[in-house]
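Presented below is the structure to which this report refers.
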Amino acid sequence: MTLGDRDIFGEMERLRRDLDGFSARMRSGWQASGEDQSWTPPVDIYEQDDALVLLVDLPGMKPAEIGLTVDHESLTIEGQRVQPARGNGLRLERPMGRFRRSFRIGVPVNPDGVQAAYRDGVLRVSIPRSTPHGPARVRVDVK
């Protein structure tokens with residue numbers, strides 16, 4: 001979509017990249033000051049015929065460090081990535097610290113059938129569709 005000779009979507013994408021860069025610079029500054037920082041792992045969500053699938057980038061984490069909770073209305077992913085001892089950091093750009101992402105699901109799902117697997121730094125969560133019924137909350141083990 002253009003407005004005159006301006007590409008609105010291109011402008012929005014440039015703004016998003018600028019804000020991402022600003023956010024990364026702020027996180028880098030927080031890390032340097034020794035404060036506990038938070039970060040936001042990127043997530044892709046796909047809708048399939050029988051399930052919703054989430055792919056979450058969590059490089060360098062272990063499955064035991066990842067918490068996943070699902071109910072009929074929402075999915076929450078949380079954890080903490082710790083900076084390993086490697087000497088004095090001269091430039092630390094990889095985000096560390098706690099994270100928490102919550103998503104409203106918006107379609108009836110079966111929390112008991114949720115499957116999660118972590119491989120090559122990517123968490124894959126499959127949430128099967130269901131017919132609506134009473135409330136339930138399930139903690140899912142990441143394998």
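Each reported figure results from applying straightforward, stated rules to the coordinates on display, with no laboratory input. On a predicted model such as this, the values are computed, not experimentally measured, just so you know. Don't worry about glycine lacking a Cβ; one is built from the backbone with ideal geometry, like all the others, and counts go over all protein chains shown.
General observations
- For peptides 63-75, 101-113, 9-21, sequence by mean Cβ density within 10 Å, most packed first: 63-75, 101-113, 9-21
- FRET efficiency estimate (nearest 0.05) - Cβ-Cβ, GLU11 to ARG101, R0 25 angstrom: 0.40
- Close amide H partners of ILE105, meaning residues 5 or more places away or on another chain with modelled amide H under 5 Å apart, are SER74, LEU75.
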